[in-house]
Structure formats: C-alpha cells, structure tokens
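K.L.:
I'd like to ask some things about the structure below.
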Amino acid sequence: MNQKQNPISNLLKKPGAQILLFVALAAGVQLLSGGGILPNSLVYALGNTLIYAIVAIGFCLLLGYAGLASLGTAGFIGVGAYIAYYMMQELGLPFILALAATIAVSLLLGIIVGFISLRIEGIYLAIMTLGLSETIRNLLMALKPTIKIDLNNLKLFGTPVSDTGSYYLILGIFAVLMLLVANLIQSPTGRAMLAMKNSTSAAQAMGISLMKYRLLSFVIATVFAALGGLLYMVHVRTMTTATSTLLTLTTSLNILGGVVIGGAKSLWGSTFGIFIIYGIQSMFLSKIQFFQKNPAFITMITGLLIILVVMFFPGGFAQIVWELKMKWQGRKLKEKEAAHES
Amino acid sequence: MFATFVSTLLSSLLTICITCLSAFAVTLIFKTSTTTNFAQGSIAALGCYVTADLFKKLGLPVWLGVFPGILVGVLSGLFVDVVIFRRGRSVNPVGKQIITMGLVSIIFGGIPLIFGNPESIPFEPFYNAVAAGKKPNLFVPFAGGELVITKHSLICLGITLLVLGSLFALLKFSKWGLAVRTTASSESTAELMGINTHAVTAVSWAIAGGLGVLAAVMYAGGGAKIGVSFMTTIQVNAFLAGILGGFSTFYGPLVGAVVIQLASTCVGFLATVPGFSGITRWNMVIVYALMLIVILIKPQGLLGKPLVKKV
C-alpha cells in the first residue's frame, strides 16, 4: 500500500506523541477544575485512577509480554505505602528520598519474586505470589494497623505538596513510566519477553536467558506497584490496613482484571481497563443519585462487564478496537474496488 | 500444660474441617477446569446467607436449612460452568480466573440487594445445645488436665469425614471418579476417549459449590460473623493448602490444609508461653513465611509429583 498517509495519524502512532496528548488532556481536566468548570472530586478520582494505571502498566508488561501471572500486586503496593509513611511521616524526609527508598526496596523484592518464578510457573506462581502478598499484608498490619501522613510532612523540593501538586506529580510519573515501558516493549527486550511467553523452551533454544528477562519483568512490575503505593500515600495520605481491602486479594484481582479486559498486550488498553474498573465508578457513577443510594449496583455492573468482555472478547477492549478498525478498513477497500470496477 | 496444648490443637478442629472441604473443592475445579476459582468463597457465602435467611424468617433449623443453601451453591457452580464458561469464545485459564473474579463482584453486590444489610445475622450450630438446655462443650479428662471440645466441631468432623470419605470412594471406585481422573490428566485426550468432559466439569463445579456452602454453614455455626467476604481467608488458605500439599493428587491439598491450620494453632499456642505473648500479631506472618520456604525447597508441594514438561 503506497497511499499517502495522514501526517497527524502517522505522528499519533509514536508512543511519545500519544503520551503527550494524554498528559495534555489530563492536565486540561485539572485546569478546568481549577476554573470551576469541573468538580474537584472528579480530578481527585482521576488522580486515584492514574495511580492504579501506573500499577497496571507494570503488570501489563509482566502478564502480556513476559506471560507471568502474579497475584502479589497488593502486597507490593503496601510496601510502597509503608515506606512512604516511615520515610515522610516518621523521619520527616523529603519525597525524593522516599521515592529512592521505595525503588530500592521494591527492586530487591522484585528480584526475590523473580527468583521464585524460576522455580514455579503458571497458576502455581500466581498462588505463591498471593501467599507472599498475604505475608506482606500481615507483616505490615502487625507493624502498624493505620498509617497517615500529615499534609505539612509532604514536601517536594522543599515546598509542601497540595492536592493539585500531587495530581501533577502522579501524571508526570505516569507519563515517564509509560514512555519507558512503551519503548521497552518495542526493543529487543520486549521481543525476547514475547518469545519467552510463547514458549520457554523455544526461547531458551534461541539463546534467551529466562533468568534475565523474568527477573527484569518482575522487577519492573514490583517497582511500579510500589510506586503506586507511594503515590497513593501522597494523594490519599491515609490507609487502614486492618479494615480496607486495598492490600487484599481484591486489589490484585482488580489490577489483573483491568489489564485483561483492556487487553493484556496493549498499554493504553490496560489503562482503559483500569479506568473501567476504578475510574467510572468513582468519577461518574458515584455522582448519580440512583447509584449513591444503591452502591451495590456499581459492583454488580463492573462484575458483569468483566465477565461479558472476557467471554466474548478474550483480547479485551484492544481487540474490540482492532476488530472495528479491520471492519472499517475492509469497507474502505471494498468501496475502492467498487469505484474501480465502475 | 500438655492437656492445654492438646486442647488448643483440638480448638482448631473446626477450621481444619472447613479448610479441608474448601481445599477439596478448589482442587476438584483446578484439576478438571485448570483454573483457580476465586468465587469459591463468595458462592459459599451466598449459600450461607440463604440458610441464615431461612433460619431468621421461617425459623427453619440450620440442619434442615443447610440443604436449600447447598442447593444454591450447586446451582451457582453449575451456572458458572454451563452458562458462562461454555458460551464464551475460547476462554483460556487466565480468562476463567477473571470470570470467577467478575462473579465475586456480582455476588458481593448482589448479597446486600437480596438480603439487606443487617448489623449481625442470627445463626445456630447444627445441634443447638444451648437451646436444648445442655452444655455446648465436652470435657474429657486427659493427662492430668481436661480437654475441651465443642460439640459443634465434633459434629462437623463427622460430616466432613463422611462427605470427603464418600467423595474419595467415588473418585476411586465409580465410573464418574475414573472420568474425573482422566479429565484431570488431560481434557482433550479424555474427550477423544469418549468421556463426556462437559458433564465431568459441570458436576465438579456443582460439587465444589455445595462443599463451599457446607463449609460456610459450619464456619458460621462455630460463631464466625456472617458477612459478604467472611469466607475469603478460608479460601486463600485453601489455595495455599493446595500449593503446599501439591495439586497433583487429590489428598495432597487436604494434608496441606491440616498442616497450615495446625501450624497456625501451634504458633498461637506459643503466645501463652511467658515472653512470647507478642507473637499473636505475627501468627500468620510466621506460618506463611514457613510455607513459602517449604514451597521454594519443594516446588511441587509436600506430596506432589514432579511435573514433566513436554515441548
């Protein structure tokens, strides 16, 4: 096909441009809310959703590219949150140091889980990571049942972080991590991971080191999850481990569900999936009076949607979009043929 | 001292029975459908709510009300396999996991809609000794002390042994058991051999749903507060028991379940030793950590056979 392509659609194929567009849109939402056009709670909820999206893009690499299923996400989020609490609230250190500590600890944790993944695979690995996550949750709960960061202890470059500040911080980190993963999956590393996912034996025969890429993918997923926990403490600032479901299996499953219904091999698909699971509920449905009175319906609708998507579109929303695109192109081709014949 | 220790061990009898029933259900589904059923706990909770509702509104005793509850569990299990899994377009194991997770959301949302949101739900054990004017506990003299056993846990032990015993007998000797074991080793080969694998998976899901509800009713009868997610911990322990004991056999997960609960009770008993009183908080951490170490040393589980992977 030698036809001339639209320069704008060409540009939009580059991950950098996509991320820039997304950041501009998300920043626009904040500006509109600052101008009083959109409610503040909407932006707050969007910030929350973006935190889960950060966790999800790391998970997307793990599940969609390396082919490893983990149910330990919630535990890693907890690790990030508790490091944030101890560094910023107890020790009064600035955000940057908390960030460095979170990355360092979760890196180590990721390597450990990566080594575990060399011993066991598949659903066994999933349940094993679930066990690890439960261990971490019980450990954190024993350390401190409730953690809370005071607003004046949250400092970025010496200035306290406001709600607006934390939103931009989340958005910035999301953009950086997204760019990182988007480039990684197109590099030889991403292709090596895909090969490993499809057949470990064949990949090994091609000279791909299982250890290297499994460790790498687990390290990335773990670090992203821990960063999610850190940002959660910056944005929400309080967490009750004993009663909330944040560090339980529910969160790990929600992240897994978001990635699968979005399309495990598509970063934007996964982000959209997370938006469906976390965003729609907190941003829109909770504003409608009917759902405020019956919050149970929201949970049911989410569950139903997940089941329907997995049943009929195993590739998730990314597959729906792709199928629509193919149909559209097929129709255009037919029109062209028809014009040619006449 | 020794009598207290044995008493403490006996106090975990009920949890052991419940975890064993759940672990068997999880294993049955894992082996026939190659997926982990995350809805195991919530289907169990749903059935338990039915029993509790019949008890509260109609005054139906629990030993009778448990049957409609189990029926709901069986139907929910059948629904998952026959309606959801079989209608889907090529659903893979991870997809099945996600579907069971979506089902958890639906049940979590549905229970308050059907049964309301009461503060606490009245419930009774199978044999309500207090209402009959008798003591709920048995006291047996033993080694210079006294053993305390609740009658409820003894009844539950009997039921568990009966149910699991007959299921194992069925697995070993019946035609259905042979079909399950064949499906478990390879579904496509079993299909080629003329086994109706659809029927096998459907019956497995039905049994798993029923066992879950039975376990939930036992748990609630033992004094656990009924809630939407009150079976989640049991379910997680059942998964871990499967890994610890090894999914390659049917009895491995049961051994895992007993080991996990006994280990947890032993660590809990340490708290009564002077100087170790703070250990209760770390109870589950220690048990899970020990378990992770065991699995790292023996990835196929305590009783598992090594997996042979073919290219």
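K.L.:
Of A:LYS265/A:LYS287; A:LYS265/B:LYS298; A:LYS197/A:LYS325; A:LYS265/B:LYS96, which sit over 25 Å apart, Cα to Cα?
P.N.:
A:LYS265/A:LYS287; A:LYS265/B:LYS298; A:LYS197/A:LYS325
K.L.:
Can you tell me the orientation of helix B:62-78 relative to chain B, as the angle in degrees between its alpha-carbon axis and the longest Cα principal axis, to the nearest 10?
P.N.:
Roughly 30 degrees between the two axes.
K.L.:
Same structure again: Once the Cβ-Cβ distance between B:VAL6 and A:THR238 is put in as r, and R0 is 41 Å, what FRET efficiency do you end up with, to the nearest 0.05?
P.N.:
Once the sixth-power term is evaluated, E becomes 0.40.
K.L.:
Related question: In degrees between 0 and 90, to the nearest 10, how far off the longest principal axis of chain B does helix B:283-297 point, with axes built from Cα atoms?
P.N.:
Orientation of helix B:283-297: about 40 degrees from the principal axis.
K.L.:
Further question on the same structure: Does anyone have the angle between helix A:15-34 and the longest principal axis of chain A? Alpha-carbon axes, 0 to 90°, nearest 10?
P.N.:
60
K.L.:
Using alpha-carbon positions, what is the distance between the centroids of segment B:1-45 and segment A:129-179, in Å?
P.N.:
35
K.L.:
Kirkwood hydrodynamic radius, the protein assembly as shown, all distinct C-alpha pairs: what's the number in Å?
P.N.:
Taking every pair of different Cα atoms in the protein assembly as shown, averaging 1/r and inverting gives 26.6 Å.
K.L.:
Turning to a different aspect of this structure: Of A:LEU285, A:LEU109, how do they rank once you tally other Cβ atoms within 10 Å and put the fewest first?
P.N.:
Ascending Cβ contact count within 10 Å gives the list A:LEU285, A:LEU109.
K.L.:
Which of rounded, prolate or oblate describes segment A:10-341 when judged by the alpha-carbon gyration tensor and an a/c cut-off of 1.5?
P.N.:
In terms of gyration-tensor shape, oblate.
K.L.:
While we're here: Would you please put B:217-225, B:292-300 in order of how densely packed they are, using the mean number of other Cβ atoms within 10 angstrom per residue and starting with the highest?
P.N.:
Per-residue mean Cβ counts within 10 Å order the peptides as B:217-225, B:292-300.
K.L.:
Kindly state, to the nearest 0.05, the FRET efficiency for A:LYS148 paired with B:PHE79, given R0 = 41 Å and r defined as their beta-carbon distance.
P.N.:
Computed FRET efficiency for A:LYS148 and B:PHE79 comes out at 0.45.
K.L.:
Between B:ILE114 and B:LEU64, what is the label-point separation in nm under the 7 Å Cα-to-beta-carbon projection?
P.N.:
Spacing of the two 7 Å Cα→Cβ label points: 2.1 nm.
K.L.:
Mind checking B:280-290 for the average number of partner chain beta-carbons within 10 Å of each residue's beta-carbon?
P.N.:
Taking the mean over all residues of the peptide, I get 5.
K.L.:
Follow-up question, since we're still on this one. How far apart, in nanometres, would the label points at B:ASN128 and B:THR34 be if each is projected 7 angstrom from Cα along the Cα-to-Cβ direction?
P.N.:
4.9
K.L.:
Quick one: compute the contact order of chain A, relative version, from alpha carbon pairs under 8 angstrom and 6+ residues apart, as a percent.
P.N.:
Relative contact order here is 29 percent.
K.L.:
May I ask you to sort B:HIS198, B:HIS152 by Cβ crowding, counting other Cβ atoms within 10 Å and putting the fewest first?
P.N.:
B:HIS198, B:HIS152
K.L.:
With a Förster radius of 41 Å, plug the Cβ-Cβ distance of B:LEU154 and A:ASN294 into 1/(1 + (r/R0)^6) and report the FRET value to the nearest 0.05.
P.N.:
Efficiency for this residue pair is about 0.45.
A short reminder: the numbers here are calculations on the coordinates, not readings from a lab. In this text the structure is predicted, and so the values were computed from the model without any measurement. Neighbour counts are summed over all protein chains in view; Cβ atoms, including those assigned to glycine, are modelled from backbone coordinates with ideal geometry.
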